[in-house]
Amino acid sequence: AQKITQTQPGMFVQEKEAVTLDCTYDTSDPSYGLFWYKQPSSGEMIFLIYQGSYDQQNATEGRYSLNFQKARKSANLVISASQLGDSAMYFCAMREPILTGGGNKLTFGTGTQLKVEL
Amino acid sequence: DAGVTQSPTHLIKTRGQQVTLRCSPISGHKSVSWYQQVLGQGPQFIFQYYEKEERGRGNFPDRFSARQFPNYSSELNVNALLLGDSALYLCASSPGTGAVHYGYTFGSGTRLTVV
């Protein structure tokens, strides 16, 4: 079963409008972290926002906010006042412990391609 | 401050060859993780190293190996290359193993093409 599900392969939004990118996750671990990354065509993964499973408030970083609904296991990214430069692939990821070795890894969804239009 | 540095940026190899990819983490970061991103998919975890020890391995064949050096830089080696190994290989550094949010920082990746 997929641990991170992004059901929107592509999204369009008009400049200056808000857009919501969906992400649902699956885990039985009470301690986990959720990340959103932006990946432009250059390939680099750019960190946008983080939500810890015990955080009481939804995370916000500038124009980015995370709509965290723990009971529904969803962590949607909201981008306000979209800009042309926001056009990119967006990935939702969950940090999980590695049972052998004591490390941690990120499990990514399949991504959502966002296109901002004039 | 320099970010995560990966080299080379692009690489073309023939099936059956071996390749070595390199990563220098952010100064002060002791952990390096490697991810493979096949076109059209999200990155897949390959390895994590912390303080020169392997702390985790993803579901990849033994053809994939890695190591971390005393200066915390890392190499990813892939032997007997297959066409399916063609991908963007991403390196991420973090101060610790990532048990809490330390902010994984990714490099720009190495694009490997196997022909």
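Between the C-alpha center of region A:88-110 and that of region B:1-68 there is a gap of 15 Å.
The local environment of A:Cys23, defined by Cβ-Cβ distances under 14 Å, has a net charge of +4 under the rule Lys, Arg +1 and Asp, Glu -1. Note on region A:64-104: percent of Cα-Cα distances in each 5 Å bin, starting at 0 and stopping at the bin with the largest distance, equals 5, 16, 17, 19, 15, 14, 8, 4, 2.
Extension gain, A:Gln83-A:Arg63: 0.36 nm per intervening residue step, less the Cα-Cα distance, totals 6.2 nm. The coefficient of translational diffusion for region B:37-93, derived via Stokes-Einstein from the alpha carbon Kirkwood radius under 10 °C and 1.306 mPa s, stands at 129 µm²/s.
Rounded to the nearest angstrom and listed largest first, the equivalent-ellipsoid semi-axes of chain B from its Cα gyration tensor are 23, 14, 13. Taking the Cα centre of chain B as reference, the dipole from Cβ charges on Lys and Arg (+1) and Asp and Glu (-1) amounts to some 200 debye. Measuring against 25 Å, Cα to Cα, the residue pairs A:Lys38/A:Lys73; B:Lys13/B:Lys52; A:Lys70/B:Lys30; A:Lys73/A:Lys105; A:Lys16/A:Lys73; A:Lys105/B:Lys52 contain B:Lys13/B:Lys52; A:Lys70/B:Lys30; A:Lys16/A:Lys73 as the ones spanning a longer distance. Electrostatic tally near B:Asp85: other residues with Cβ closer than 10 Å to its Cβ, Lys and Arg +1, Asp and Glu -1, net +3.
Other residues lying with their Cβ under 11 Å from the Cβ of A:Leu114 contribute a combined charge of 0, Lys and Arg counting +1, Asp and Glu -1. Once both labels are positioned 7 Å from their Cα atoms along Cα-to-Cβ, the gap between B:Glu53 and A:Lys16 label points is 5.7 nm. Residues B:Arg22, B:Arg63 ordered from highest to lowest accessible area at a 1.4 Å probe: B:Arg22, B:Arg63. For the protein assembly as shown, what log10 I(q)/I(0) values come out of the Debye formula at q = 0.12, 0.13, 0.15, 0.18 1/Å, with one point per alpha carbon and no solvent? The computed values of log10 I(q)/I(0) come out as -0.66, -0.77, -1.02, -1.37.
In a DSSP loop and with at most 13 other Cβ atoms within 10 Å, the GluC sites (Glu not before Pro) in region B:24-115 are B:Glu51. Restricting the calculation to Cα atoms, chain A yields a radius of gyration followed by a Dmax of 14.2, 49 Å.
The values are calculated or read from the model by the stated rules, or taken from the named source; none is laboratory data. Here the structure is a predicted model, which is why all the values come from computation and not from measurement. Glycine also receives a Cβ, built like all others from the backbone with ideal geometry; neighbour counts cover every protein chain displayed. These area figures cover heavy atoms from the full protein model, side chains too; ligands, DNA and RNA do not enter into them. Shrake-Rupley method; radii C 1.70, N 1.55, O 1.52, S 1.80 Å.
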